[in-house]
Amino acid sequence: MNEKLQKRIMQLKTERNATILAHNYQLPQVQDIADIVGDSLELARAAKSIECDAIVFCGVDFMAETAHILNPEKTVLLPAEEACCPMAAMITADEVRMLRRRFPDAAVVSYVNTTAEVKAESDICCTSSNAIKVVESLDEEQVIFLPDKNLANYVARFSSKEILPWEGFCFVHDRITSNDVHRALQNHPDAKLIVHPECRPEVIDMADLVFSTSGMIKHVCSASEKEFIIGTEIGILHQMKKKCPDKICYPLSPEAICINMKKIDLVEICKSLELLQPRITVPQDIASRARKAIEKMLEL
């Protein structure tokens, strides 16, 4: 069944002149048919640079929105329209405007895990892999960082600026606890622990290294060590197995699963390419303002 679907998807991809982008957290079979697999920053750069008529974004809503903002002339498809990011829904444009009134001298840094409306109210965007670099690039000494409090607190460790975090969080990373770490280290005492900066501070304190998803993959592939405990969504283990087959990677928490990242499958991708639906679009007035914040990030 998968082989037949894969063949049909490849045929449709050629007919539609389409490119398939997939996040590291997607289902293994989705990652395997994608043209590019990566983290949010890699996929944002790819979305801006690729030449095609249609982008099939295998991720969640804010990622597809970002692709359309950067490519308003292209058809952007999100095969599972209901694939949303709960963290992105934890901050609204009205709340950003409220924060600006309360802290008029502060810059607003928006994680890419936000809606287009929120990006439009922000000075610059960031991803987990470049958040520190983005904050340090600003002239302002006070920075409103939203929506992820854990990433904000991680950035604050490396900056002399006053970081004002919003109280949002990623439910997958935030529910990883120090007990999970103790259990994993007890089971795999020789393994290095790598965690995502969206994890809680006490989990980060226990880690050997902190990386974005693609940073994790690069480190595991290049490191001399052979065993790793990986503290992020378990979808990344598929890429690690493909790119670093000589390494052994264990999930920090087997329950670290984003159900929204798992809503896209080969059937949905095939249907999306056949119908060129569901299409993700962003109103021009919002897109033009959000684009400035995204492109400012990409220029760094």
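Compute the separation of the alpha-carbon centres of region 105-147 and region 70-91 and state it in Å as a whole number.
Region 105-147 and region 70-91 have Cα centres spaced 19 Å from each other.
If you place +1 on the Cβ of every Lys and Arg and -1 on the Cβ of every Asp and Glu, how big does the dipole about the Cα centre of the chain come out, in debye to the nearest 20? List each step's numbers first, then the result.
On the way: 35 positive and 44 negative charges, 114 e Å.
Using Cβ point charges on Lys, Arg, Asp and Glu, the chain gives about 540 debye.
Highest mean first, what order results for 204-216, 124-136 on Cβ atoms within 10 Å?
Details: 204-216: 19.2, 124-136: 21.5.
Per-residue Cβ counts within 10 Å, averaged per peptide and sorted highest first, yield 124-136, 204-216.
Starting from 0.36 nm per residue, how many nanometres of slack lie between R289 and D139 once their C-alpha separation is accounted for? If you can, show how the numbers build up before the last one.
Values: separation 150, 0.36 × 150 = 54.00 nm, distance 2.02 nm.
Length gained, R289 through D139: 52.0 nm.
At 7 Å along the Cα-to-beta-carbon direction for both N153 and E95, put a label point, then send me their distance in nm to one decimal.
1.7 nm
For the chain, list the cysteines whose Cβ sits under 4.7 Å from no other cysteine Cβ?
Taking the Cβ cut-off of 4.7 Å, the unpaired cysteines of the chain are C52, C58, C84, C85, C125, C126, C170, C199, C249, C258, C270.
For the chain, what class follows from the C-alpha gyration tensor (a ≥ b ≥ c being the square roots of its eigenvalues): rounded when a/c is under 1.5, otherwise prolate if a/b is larger than b/c, else oblate?
On the way: a/c = 1.93, a/b = 1.05, b/c = 1.85.
Here the chain falls in the oblate category.
May I ask you to derive the FRET efficiency for C84 and K296 from their Cβ-Cβ distance with R0 = 25 Å, giving the value to the nearest 0.05? Write out the running numbers ahead of the final one.
Numbers: r = 25 Å, r/R0 = 1.02.
Working from the Cβ atoms, E equals 0.45.
Between K48 and L185, with labels modelled 7 Å along Cα→Cβ, what's the label distance in nm to one decimal, could you check?
Each label point is offset 7 Å from its Cα along the Cβ direction, giving 3.9 nm.
Cβ neighbours within 10 Å, averaged per peptide: list 86-94, 23-31 in order, most packed at the top. Walk me through the intermediate numbers first.
Details: 86-94: 18.7, 23-31: 21.8.
Averaged packing, sorted descending, gives the order 23-31, 86-94.
Using Stokes-Einstein with the Kirkwood hydrodynamic radius over Cα pairs, what translational diffusion coefficient do you get for region 165-230 at 4 °C and a viscosity of 1.567 mPa s, in µm²/s rounded to a whole number? Walk me through the intermediate numbers first.
Working: Rh = 12.4 Å.
In µm²/s, the coefficient is 104.
What FRET efficiency, computed as 1/(1 + (r/R0)^6) with R0 = 30 Å and r the Cβ-Cβ distance, is obtained for D246 and I36, rounded to the nearest 0.05? Could the numbers behind the result be given before it?
Values: r = 24 Å, r/R0 = 0.80.
Efficiency for this residue pair is about 0.80.
Which of the residue pairs K243/K271; K161/K218; K7/K296; K247/K271 have a Cα-Cα distance greater than 31 Å in the structure shown? The partial results should precede the final answer.
Numbers: K243/K271 29 Å; K161/K218 29 Å; K7/K296 39 Å; K247/K271 36 Å.
From K243/K271; K161/K218; K7/K296; K247/K271, over 31 Å: K7/K296; K247/K271.
Which value in deg cm²/dmol, rounded to the nearest 500, describes the helix-derived mean residue ellipticity at 222 nm for the chain, given -39,500 (n - 2.57) per DSSP H run of n ≥ 4 and division by the residue count? Walk me through the intermediate numbers first.
On the way: 15 runs with 133 residues, N = 300.
The per-residue figure over the chain is -12500 deg cm²/dmol.
Subtract the Cα-Cα distance of A223 and K4 from 0.36 nm times their separation in residues, and report this length gain in nm to one decimal.
Values: separation 219, 0.36 × 219 = 78.84 nm, distance 3.77 nm.
In short, 75.1 nm is gained.
Between region 155-208 and region 6-54, what's the alpha-carbon centroid distance in Å?
When both Cα centres are located, 30 Å separates them.
Please work out the FRET efficiency for the pair S178 and K271, using the Cβ-Cβ distance as r and a Förster radius of 35 Å; give the result to the nearest 0.05. Present the calculation step by step, with values, prior to reporting the outcome.
Numbers: r = 43 Å, r/R0 = 1.22.
The calculated FRET efficiency here is 0.25.
Only bridges whose two residues both fall in the chain count here: according to DSSP, what percent of them are antiparallel, nearest 5?
Numbers: 1 of 34 bridges.
Approximately 5 percent, going by the DSSP bridge assignments.
Every read-out reported here was derived from the displayed coordinates using simple, explicitly stated rules and does not represent laboratory data. A quick note: this is a predicted structure, and the numbers were derived from the prediction, not measured. For neighbour counting, all protein chains shown are included, and Cβ atoms are generated from backbone atoms with ideal geometry for every residue, glycine included.
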